[in-house]
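To keep things clear, I will list the structure first and then write my remarks on it.
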Amino acid sequence: MQLIADEKILFESPYPEDVFCYTPSLCRGFGGRILAGFDLGGPGTARLEGVRSDSGDYESGNQFRILLSDDDGVSWRESSTRLPMLHVMLFRAGNALYALGQSGRLVISRSCDNGESWSEVSVLDSDHMWHQSAGRIDFRNGNVYAVYEQRIPNAPWPGVSPVLMSAREEADLREPANWRFSEPFRAEALFAEQGIRHFFADGTVGVLETNVIRIYDPNHLYYDPEDRTVLLLMRAETGLGNVGAVLKGIDLPDGTLRIEPLRTPRGEKLFLLPFPGGQIKFHLDYDPVSQLYWMISSPKLDGFRAPGAPWFEACGERRRLELLCSRNGLEFRSVGVVAEGEGKLDSRHYASLLFDGDDLLVFARSGDERARNLHDGNLLTLHRVKNFRTLA
C-alpha cells in the first residue's frame, strides 16, 4: 500500500558529483524544537566551508550539519556550528542535547542552548577506530544506553564489533569517565559457530548499525523483570536480503555492561532472524501510545539477482522506504510504502524516524537524476506520515 506522506527536501548537495548526503538523524529538542542532522562526505568535501572529520568516507573527511525547526517542520535553518564528525546520533539527555559520532575516534559534542551552538568535540576513546549510523538509543531509569561499533583491525567490510555503552542522563556526557563500556562482541565468531557463511563466495559475514530496544510486555519471552536487559537489533551482512541479527545487552548489578547471545527456551543461541530490510540500515522506536514498535526500513524485493545484473535492480532496496510495526519488537509487518524513487538514481533509504504527535517523521538519504549512484545521493528528504497509528 502506498501511504500518503508529504515530502520536503531539507538539503541539496552543492556538488552532486562528489559531495554526498549521509546519516540522517532526527531529535526532539526543548520547547517543541525538531533537529535534523546529517553528514556530508565524498571526495569534494575539501571545498566545503568549515571543519571536517580526521577520518571519513574519503581522505577529505566528513562534515556534520544540524538543521533546526520551531514550527513543526514547516521551515528550517542551520545551526551556527558545523562539526568534524560522521555517523552521528542526535539525542537529548538531562538539560542538554548531544551529538555522538566518530572521526576515527569516538567523539561527542554538547549543546546547552537547544541546538543553536555546539561545543568542540570531546574524545571518548582514541584507542580504536569506530563506526555506526543513526541507531536507536534507549533511555531507562535515568540512564542512556547506546551501541557504537569498534572496527576490527585489518578486517574486510563490515568488520566491526558492537560495544554497549551507558551513562547517567544528568552527567556531562563529554567526560569519558562518565561512560561505561562493554567488551566488544565478536559476532563473526557466532556466525562461524553456527556454520553460517556468506551467500556469495567472496563476501564476509558480519553485523553493523545497531538499534537498542527494551521489552516492556511482561508476557514477552524476553521480558526482564529486573529491567536490566536490552535487545540489540542489527543489520546482518549475509549476502541475503531481509535477514537481521539480534543480541542481548545486560547492565549487571556490579555496574558492568555485557553483550551476549540471546537464547531460546531450549538454551540454544538465537542470532539471525527473518527481518524485513535487515540487510541494510533500518531504524525503529517504541511508541508507548500504541504500545507498538515502529520501524522504517528497505525490504529487499529481489534477493536473487544474478552477478552482473544492473546494479540499480540488484540494490533496489535503496529506492524504497517502508513503514512497519510490531507488537514484540522482533516480528514486523509492513503497513505501507512511505517513499519510492521512480528513476534509476532516485534513492530513498537509510532513514531515521521521530514520533510527532499523531504523525511520524521520516528523514531519509535521497537522490535524483543528478546523483552519482543510489548509495551516494545528493538530497536529504523529510517525509510526514499523518495519523500513523491508524495504520496498525
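Numerical summary
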| item | result |
| --- | --- |
| Rounded to whole Hz, the Karplus (6.51, -1.76, 1.60) HN-Hα couplings of segment 40-49, x for glycine and proline | 10, x, x, x, x, 5, 4, 7, 7, 7 |
| L382, L124 arranged by Cβ crowding within 10 Å, fewest neighbours leading | L124, L382 |
| Y58 long-range amide H proximity, modeled H, under 5 Å | G42 |
| Pairwise Lys count, the chain - Cα closer than 17 Å, eight or more residues apart or different chains | 4 |
| Highest-first arrangement of 265-276, 137-148, 203-214, where packing means the average Cβ count within 10 Å | 203-214, 137-148, 265-276 |
| Simple spin-label estimate for A201 and V289 in nanometres, 7 Å along Cα-Cβ | 5.4 nm |
| Estimated FRET transfer efficiency when R0 is 41 angstrom, pair R168-E369 (beta carbons, to 0.05) | 0.25 |
| Sites L240 and A155, calculated FRET efficiency, Cβ-Cβ separation with R0 25 Å, nearest 0.05 | 0.75 |
| Additional length obtainable on full extension of the chain from D302 to A192, 0.36 nm per residue less Cα span | 37.0 nm |
| For K248, residues with placed amide H under 5 Å, excluding near neighbours | L232, E260, L262 |
| Cβ-Cβ FRET estimate between N219 and T256, R0 fixed at 30 Å, reported to 0.05 | 0.55 |
| Built amide H within the under 5 Å cut-off of Y148, gap 5+ | V163, M165 |
| Sorted by Cβ density within 10 Å, fewest first, the residues E12, E169 | E12, E169 |
| Overall form of the chain per C-alpha gyration tensor (a/c, 1.5; a/b vs b/c) | rounded |
| The chain - mean residue ellipticity at 222 nm from DSSP helices (-39,500 (n - 2.57) per run, n ≥ 4, rounded to 500) | -500 deg cm²/dmol |
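Every number here is computed from the coordinates shown, using simple stated rules; none is lab data. As the structure is a prediction and not an experimental result, all values here were calculated from the model. Cβ sites come from the backbone with ideal geometry, for glycine too, and all protein chains shown count toward neighbours.
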